[in-house]
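The structure under discussion appears below in the form of structure tokens.
The values are calculated or read from the model by the stated rules, or taken from the named source; none is laboratory data. Computed from a predicted model, the values in this text were never measured in an experiment. Reconstructed Cβ throughout: ideal geometry from the backbone, glycine too, with neighbour counts over all protein chains shown. These area figures cover heavy atoms from the full protein model, side chains too; ligands, DNA and RNA do not enter into them. Shrake-Rupley method; radii C 1.70, N 1.55, O 1.52, S 1.80 Å.
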Amino acid sequence: MARIIKFFETTLRDGEQTPGINYFAEEKLEIARALADMGFDTLDCGFAISGEPEFEAIRLIARTVENAEICSIARCYPDDIDRAWESVKDAAHSAIHPFISTSPLHREVKLGKTRAEVLEMARTSVARGRQYTPNVDFALEDTTRTEHDFILEIVGAVMQEGVRFVSLCDTVGYALPWEFGALVDDVRREYPGVHISAHCHDDLGLAVANALTALQHGAERVDTCFNGLGERAGNAATEDVVMAIRTRHEDLDLDVRVDTTKIIPTSRLIARLSGMQPQWTKSIVGANAFAHGGGIHQDGVLKDARTYEIMRPADIGLPDAERRMFVGKLSGRAALNAQLHELGYDLDPDQLRCAFTLVKNMLGKKKTLEEMDLRRCAETAVNPTAAAEAYTSEAASTAGE
Ligand code: MN
């Protein structure tokens, strides 16, 4: 029986720390609803003490969304913890999430605190949170650049205070997967009862690999952001972790309890409200994730999509019609035929050969073809004499662009 992993979905917190994003309260609520409806366990909704609008937005979500746990993060200061609890306490399910930097660099440069002081702040913050709720998670910011013995010391201390999840954080995206796996092993060996969440950033493009490795080594939860949003290069992308596990669940012996068919609608909602479109080649949700450009690939996909697609578009909520056969310089006749068929043309083999030549010639002069261009090529192929004149004069005018 595959182990079901949990999500600490942080699109509304780390994701909103993406430079350039600012959600209004109603927008945060709309996103929170979509995430809760997909089945994510805990929604990290924001940093309550950071300001009035953020506090109000978290409280609005807490009072409205009942089908997920609503969480606010907090620094290790009494006022932060109190404010975080205040923002989520009306929720059907609530949690708070204090954090503190543990690495020597952060302790010295950022906090100006000793190991002993940081340890004490972690301990007292979890204890304070526990006076409000049993759902107190704790994050060691910059865990992966922290002394090994200090990581264990802090984890032991917060566990003594009754912490629920401990987040091991690759805050700066520095870890390699096997290092992160070994870290999870070490913490679990020292504290067999620990519940670990993996917080991974993508500075080296390893966030998803690190998160999956942590899960394989016994972490029970992952922190993720939709569309790979988040500080700098972003967090482990929610859709990547979900579909990696769903697609390879037998080999990973893990699974997710998430409605994957809402991935595309949710991704698009977040892209619209954040104003940030995923890059075209972004896994799962990029515009090209199910598009085919090479003739050999296109021919394969048209015969049987499994030749070049490891997921079914329907499984992520992508309409079949949006699987794109790109007609470009490297594409093949099968794709052109399929494309023209959709535009209402039924060409015989000779006509198709002719249209194909016209398309390739046109692509020597134009970067990309519009529907109109394809129609023109098809018309010319079907009726060379009638279309020839119009086409030649058009082509001459576009060539100069
Ligand atoms: Mn982060």
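Using the structure shown, decide if R272 is open to solvent by 20 Å² or more (accessible area, probe 1.4 Å), part of a helix (DSSP H, G or I) and within 22 Å of G15 (Cα to Cα). So R272 fits the description; yes.
Just name the residue that is nearest to the ligand (Cβ to nearest atom) out of those in region 171-186 that are farther than 12 Å from L215 by Cβ and surrounded by 22 or more Cβ atoms within 10 Å (Cβ to Cβ). Ranking the candidates gives T171 first. Taking each residue of region 360-372 that is farther than 11 Å from V327 by Cα and looking for partners that are at pLDDT 90 or above and outside any loop (DSSP other than H, G, I, E, B) with beta-carbon atoms closer than 8 Å, six or more apart or interchain, yields M362/D373; M362/C377; K366/D373. With respect to I284, determine if the residue is in the same structural domain as N227 (by TED's automatic domain parsing) and either open to solvent by less than 70 Å² (accessible area, probe 1.4 Å) or within 22 Å of T247 (Cα to Cα) (or both). No. Just one of the numbered conditions (1) more than 16 Å from the ligand (Cβ to nearest atom); (2) surrounded by fewer than 23 Cβ atoms within 10 Å (Cβ to Cβ) is not true of S267: (2). Given the condition surrounded by fewer than 23 Cβ atoms within 10 Å (Cβ to Cβ) and within 16 Å of the ligand (Cβ to nearest atom), answer yes or no: does some residue in region 21-41 qualify? Within region 21-41, one or more residues are surrounded by fewer than 23 Cβ atoms within 10 Å (Cβ to Cβ) and within 16 Å of the ligand (Cβ to nearest atom). As a summary of the residue check, D315 satisfies the conditions (1) assigned to a helix (DSSP H, G or I); (2) under 26 Å from L358 (Cα atoms) except for the one numbered (2). Quick one: which residue in I310, I316, I296 is under 30 Å from Q277 (Cβ atoms), surrounded by fewer than 18 Cβ atoms within 10 Å (Cβ to Cβ) and modelled with pLDDT of 95 or more? One residue alone meets the criteria, I310.
Residues in region 106-136 that are part of a helix (DSSP H, G or I) and of a type in the set (V, I, T): V109, V118, T124, V126. Scanning region 139-170 for residues that are open to solvent by 10 Å² or more (accessible area, probe 1.4 Å), within 15 Å of the ligand (Cβ to nearest atom) and assigned to a helix (DSSP H, G or I) gives T144, R145. Looking only at region 284-309, how many residues end up being assigned to a loop (DSSP other than H, G, I, E, B) and either within 29 Å of R221 (Cα to Cα) or in contact with a strand residue (DSSP E or B) (Cβ under 8 Å, 6 or more places away or on another chain) (or both)? Total meeting the criteria: 9.
Pairing residues of region 331-343 that are at pLDDT 90 or above with residues that are of a type in the set (G, A, S) and open to solvent by 40 Å² or more (accessible area, probe 1.4 Å), at Cβ distances under 9 Å and at least 6 apart in sequence or on separate chains, gives E342/A321. Considering only region 121-138, state which residues are surrounded by fewer than 24 Cβ atoms within 10 Å (Cβ to Cβ), more than 12 Å from Q160 (Cα to Cα) and of a type outside the set (A, V, I, L, M, F, W, C). Those that are surrounded by fewer than 24 Cβ atoms within 10 Å (Cβ to Cβ), more than 12 Å from Q160 (Cα to Cα) and of a type outside the set (A, V, I, L, M, F, W, C): R128, Q131, Y132, T133, P134, N135. Given the conditions (1) surrounded by fewer than 17 Cβ atoms within 10 Å (Cβ to Cβ); (2) farther than 28 Å from L206 by Cα, report the number of the one that K110 does not fulfil. Every condition holds for K110 apart from (2). Screening region 222-234 for residues that are within 15 Å of I31 (Cβ to Cβ) and open to solvent by less than 10 Å² (accessible area, probe 1.4 Å) and picking the one that is nearest to the ligand (Cβ to nearest atom) gives G230. A residue that is over 22 Å from the mean Cα position of the chain (by Cα) and not polar (S, T, N, Q) can be found somewhere in region 30-50. Can you spot a residue in region 253-263 that is free of Cβ contacts under 8 Å to residues at least 40 places away in the same chain and open to solvent by 60 Å² or more (accessible area, probe 1.4 Å)? No: region 253-263 contains no residue that is free of Cβ contacts under 8 Å to residues at least 40 places away in the same chain and open to solvent by 60 Å² or more (accessible area, probe 1.4 Å). What residue, among those in region 197-221 that are within 16 Å of the ligand (Cβ to nearest atom) and farther than 15 Å from V241 by Cβ, is surrounded by the most Cβ atoms within 10 Å (Cβ to Cβ)? This residue is D203. If the condition is being open to solvent by less than 30 Å² (accessible area, probe 1.4 Å) and over 40 Å from the mean Cα position of the chain (by Cα), then region 333-357 contributes L347, L352, A355. Residue pairs whose Cβ atoms lie under 7 Å apart, sitting 6 or more positions apart in sequence or on different chains, and linking a residue in region 93-119 that is more than 18 Å from D80 (Cα to Cα) to a partner that is part of a strand (DSSP E or B) and among the β-branched types (V, I, T), are H93/I70. Of all the listed residues (T224, T281), the sole one being under 23 Å from P177 (Cβ atoms) and in a strand (DSSP E or B) is T224.
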